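The values are calculated or read from the model by the stated rules, or taken from the named source; none is laboratory data. Predicted, not measured: the structure shown is a model, and the values here were computed from it. Quick reminder, even Gly has a Cβ in these numbers, built from the backbone with ideal geometry, and neighbours come from all protein chains shown. Keep in mind that these areas ignore ligands, DNA and RNA; they rest on the heavy atoms of the full protein, side chains included. Shrake-Rupley method; radii C 1.70, N 1.55, O 1.52, S 1.80 Å.
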Amino acid sequence: MKVGTHNGVFHADDVLAAATLQLVCDQSTPGGYGPFTVIRTRDEEALASCSVIFDVGAKYSPAEGRFDHHQKERAGSRENGILYSSFGLVWKHFGAQLCSTAEGFHIVDRVLVQPVDATDNGQGLYTNEAFQGIQPYGVSDFLSSFNPCWGQPATEADFYRQFLLAMASARSLIQREISSAEAIVASRQAVRKAIASAEDPRLIILSQASPWQETVITESPQALFVMFPSETGDWRLQCVPDALGSFGKRRSLPAHWAGKRGQELAQLTDVSDAIFCHPGLFICGASSKEGVLRMAHLALQ
């Protein structure tokens, strides 16, 4: 697979598009795409020799292997209004080859691809009224930082070398997000089973730690807390957020538990193996399931 994109300064969308295509090429069956090569140029003849061209050429035509979004009419948008960038277009047409489920493909699109597309198209995802001059630092910032720094002499070869370094990081990121998405898909059945079997719909008890937030938030409107064993062997009780991505809570833990630990928390709760309660009142823990269950009942009261 020989792919082409523009030279000079690069952004997250073209780096991630290239990394996606490299992953597709790597997993192709014998007789498939073959070796992967990326060229960075604006020379039309050189680009014409590529099987896929992205973020350059002012044309979106999957049948011709063209995936640009800079043309006047753009390249379409999702139902939520987020415009496609070159990453989104490449993911739309190639990403499913990297995912074992359609659900996983859509999770990666929502979690990783859409924020990058929105940023590249100048669509703000955040408002910042509390901390003036401070902005979120995201994937787009990280990958753009691989460009040669201002004031340092940089040749075309320097930009190409840095692009490849950024692409290696982007490749790892995509692989990790795919793994995470597939784990979420696999875990949803267990979380849904716990929701269905809950004696009190306000308290969901999981038999193992699982990615539960999206499923519980969207499918269990009565749930206030989730119990689960931690990776360290003890148990946790966590508040259900009031919305995806929110730091708000449907209900906080009791205010007088905030920041308490060990014996002090044990005396407050009458739970002898109580370990801690976060100052933010969103999570607490005890050594045993019975201890956390007791804390859950207190929180529900």
Just to confirm my filter: which helices (runs of 4 or more DSSP H) fall fully inside the range 38-143 and include at least 2 residues that are over 19 Å from ALA19 (Cα atoms)? 44-48, 102-108
When (1) small (Gly, Ala, Ser); (2) assigned to a helix (DSSP H, G or I); (3) under 30 Å from GLU290 (Cβ atoms) are applied to SER207, the one that fails is (2)
Within the range 63-88, restricting attention to residues that are over 21 Å from GLY124 (Cβ atoms) and not aromatic (Phe, Trp, Tyr), which residue is most open to solvent (accessible area, probe 1.4 Å)? LYS72
For LEU253: the one exception among (1) at pLDDT 95 or above; (2) crowded, with 20+ Cβ neighbours inside 10 Å; (3) not in a loop (DSSP other than H, G, I, E, B); (4) not small (Gly, Ala, Ser): (3)
Identify the residue in the range 273-299 that is open to solvent by 40 Å² or more (accessible area, probe 1.4 Å) and touching a Gly at 6+ places or on another chain (Cβ under 7 Å) and, among all such residues, is nearest to PRO229 (Cα to Cα). ILE275
Checking ARG236 against (1) closer than 30 Å to LEU125 by Cβ; (2) assigned to a loop (DSSP other than H, G, I, E, B); (3) not β-branched (Val, Ile, Thr), which single condition isn't satisfied? (2)
Residue check, ALA243 among the small types (Gly, Ala, Ser), surrounded by 14 or more Cβ atoms within 10 Å (Cβ to Cβ) and not in a strand (DSSP E or B): no
Just to be sure I understand, how many residues within the range 72-104 are within 19 Å of VAL116 (Cα to Cα), hydroxyl-bearing (Ser, Thr, Tyr) and in contact (Cβ under 8 Å) with a residue 40 or more places away in the chain? 2
Taking only pairs six or more apart or across chains, which ones have beta-carbon atoms under 7 Å, a first residue in the range 271-295 that is free of Cβ contacts under 8 Å to residues at least 60 places away in the same chain, and a second residue that is open to solvent by 30 Å² or more (accessible area, probe 1.4 Å) and of a type in the set (Val, Ile, Thr)? GLY285/ILE275; ALA286/ILE275; SER287/ILE275
Does at least one position in the range 258-268 carry a residue that is in contact with a helix residue (DSSP H, G or I) (Cβ under 7 Å, 6 or more places away or on another chain) and in contact (Cβ under 8 Å) with a residue 24 or more places away in the chain? no
Hey, does the range 49-62 have a residue that's open to solvent by 70 Å² or more (accessible area, probe 1.4 Å) and free of Cβ contacts under 8 Å to residues at least 12 places away in the same chain? no
Here's a check for you: in the range 89-98, which residue that is among the aliphatic types (A, V, I, L, M) and more than 17 Å from GLY122 (Cα to Cα) is surrounded by the fewest Cβ atoms within 10 Å (Cβ to Cβ)? ALA96
Members of the range 10-48 found to be over 25 Å from the mean Cα position of the chain (by Cα) and open to solvent by 60 Å² or more (accessible area, probe 1.4 Å), listed by number: THR29, PRO30, GLY31, TYR33, PRO35, THR37, ARG42, ASP43, GLU44, GLU45, ALA48
